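A single structure is presented below for examination.
The values are calculated or read from the model by the stated rules, or taken from the named source; none is laboratory data. A quick note: this is a predicted structure, and the numbers were derived from the prediction, not measured. A quick note on method: Cβ atoms are made from the backbone with ideal geometry, for glycine too, and the neighbour counts reach across all protein chains shown. With ligands, DNA and RNA removed, areas are computed over all heavy atoms of the protein, side chains included. Shrake-Rupley method; radii C 1.70, N 1.55, O 1.52, S 1.80 Å.
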Amino acid sequence: MRATLDFSRRNLGLTAPNPAVGAIIVKHDVVLGRGITQPGGRPHAEQIALAQAGEAARGATIYVTLEPCARRSRTGDGPSCTDAILAAGIARAVIAAPDPSPFAAGEGERRLRGHGVDVVTGVLAGEAAAFHLGHILRVTAHRPLVQLKLAATRDGFAATRDRQPLAITGEMARSMTHMLRARADAIMVGIGTVIADDPQLTCRLPGLRARSPVRVVLDGALRTPMLSQLVKTAREVPTWIVAGVGASVEREWALRSQGVDVLRVGADNAGRLDLADSLGLLADWGITRLMVEGGPTLAEALAGADLIDEAVLFSGGWKLGGQAGGQGGLPALGPALGRLASGQGGWRKQDERALGPDLMRSFERLR
């Protein structure tokens, strides 16, 4: 199962709206087939592994990171993975985590047992559930997994006092950021970041540019500049703008003419978008893993609404105060993020490592 989980990580961020399931078929200590759910969510991992194993799968063991589907969500896709496992004559199925989706929800396990397959469940269940958390949350909480990435100077600032962006981290930390992007279905920022930074939000590691996630902007009033990098490249990398229901229709069609998709959600009297509804809308559009790379305002709002599941905090190797005449700048961590970074309020530190002159700390929510 450890090998199956490690293998499935290769397609993390590619398989939305489905989870990146892994499957390995073994008999007499020989691997007969292995599969990962493919980009776009099909074919499923079990189908690929069974096809590789062929007739040799009869009497073998299949290791699967998530409960096999018992029914298909689309007609014309052939048998469910449970039906395929039974047809192949698999003798034993080892399943890491249950799948709460309506196409499994225990039915896959029950049907396998009912047809005489020796089913073992719960092997590395915690790790598998954490790995597939985006899929699980999309089903059970109507939102994707939210992973926050935030960078601060060594003395805790995210920008200058006049909100000008800073080159906080070095090359190793930036490469790690691009790797995190490659493992996400979508990356989200607020309109303030778009106006201040004009970011590309792509994965620019060698050979991984095609793994750039969908780019999402929270922009209640549709202020995204037509000449921004995001709009100019919207036909190359999918770009979605989440706007308020009252935002300009003319502005929407101007953006759509450049290849941008505009989604609408409710907003308060000040024009602030409803964050929970925004995440729910992204889940409806198939997003399971969302990386948030906006500034401290959006990060604090998500933390205050209890909508962050993982956080990666980078601390640069230099201080702003000494370079700005002691004036400091915009603090990176508000009260809610401060509790997260100190491991309070249901959070724990997962990892800490040096990346050249910078420090990376990762946190996860206790569940």
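Which whole-angstrom value gives the distance between the alpha carbon centres of the stretch 1-41 and the stretch 103-123?
One Cα centre to the other: 18 Å.
Run lengths n ≥ 4 of DSSP H only: what is the helix-derived mean residue ellipticity at 222 nm for the chain, with -39500 (n - 2.57) per run over all residues, to the nearest 500?
-7500 deg cm²/dmol
Still on this structure: Given the peptides 17-27, 262-272, 34-44, arrange them by the average over their residues of other C-beta atoms within 10 Å, most packed first.
By packing density, highest mean first, the sequence is 17-27, 34-44, 262-272.
How would the stretch 1-61 be classified by its alpha-carbon gyration tensor: rounded, prolate or oblate, with rounded meaning a/c under 1.5 and the a/b versus b/c comparison settling the rest?
oblate
FRET efficiency for Lys232 and Asp6, Cβ-Cβ distance as r, R0 = 41 Å, nearest 0.05?
Result of the calculation: an efficiency of 0.60.
Please give every one of the lysines within straight-line cross-link reach of Lys149, meaning a C-alpha to C-alpha distance under 16 Å, and leave out same-chain neighbours fewer than 8 residues apart.
Leaving aside lysines fewer than 8 places away in the same chain, those within reach of Lys149 are Lys349.
What does DSSP give for the stretch 191-296 in terms of the percent of beta bridges that are antiparallel, rounded to the nearest 5?
In the stretch 191-296, approximately 10 percent of DSSP beta bridges are antiparallel ones.
Could you tell me the relative contact order of the stretch 73-207? Use alpha-carbon pairs under 8 Å, at least six residues apart, and round to a whole percent.
16 percent
Carbon-plus-sulfur fraction of the accessible area of the chain, 1.4 Å probe, in percent?
In the chain, the share of accessible area belonging to carbon and sulfur is 52 percent.
Then there's this: Ranked highest first by the average count of other Cβ atoms within 10 Å around their residues, in what order do 134-141, 213-220, 189-196 fall?
213-220, 134-141, 189-196
Still on this model: Going by a ≥ b ≥ c, the root eigenvalues of the Cα gyration tensor, does the stretch 183-278 fall in the rounded group (a/c under 1.5), the prolate group (a/b larger than b/c) or the oblate group?
prolate
Which stretch or stretches of the stretch 96-126 have amide N atoms under 17 Å from the point lying 7 Å from Glu55's Cα along the Cα→Cβ direction?
Counting backbone N atoms under 17 Å from the label point, the list is empty.
Continuing with this model, one more query. Given Cα pairs under 8 Å that are at least 6 residues apart, what percent is the relative contact order of the chain?
With pairs under 8 Å counted, the relative contact order is 16 percent.
Would you calculate the volume per residue, in Å³, of the smallest convex hull containing every Cα atom of the chain?
Convex hull volume per residue, Cα atoms: 149 Å³.
Checking the a/c ratio against 1.5 first, then a/b against b/c, what shape does the Cα gyration tensor give for the stretch 278-367?
Prolate is the answer for the stretch 278-367, as a/c is 1.5 or above and a/b outweighs b/c.
What FRET efficiency comes out for Asp351 versus Ala87 if R0 is 35 angstrom and r is the Cβ-Cβ distance? Round to the nearest 0.05.
0.25
Follow-up question, since we're still on this one. Extending each Cα 7 Å along its Cβ direction at Arg204 and Ser175, get the distance between those two points in nm, one decimal.
1.5 nm
Which order, highest average first, do 94-102, 110-118 follow once you tally other Cβ atoms within 10 Å for each residue and take the mean per peptide?
94-102, 110-118
How high is the relative contact order of the stretch 92-140, in percent, with contacts defined as C-alpha pairs under 8 Å that are six or more residues apart?
Computed over the stretch 92-140, the figure is 49 percent.
Skip the ligands, DNA and RNA, and give the accessible area per residue of the chain with a 1.4 Å probe, whole Å².
44 Å²
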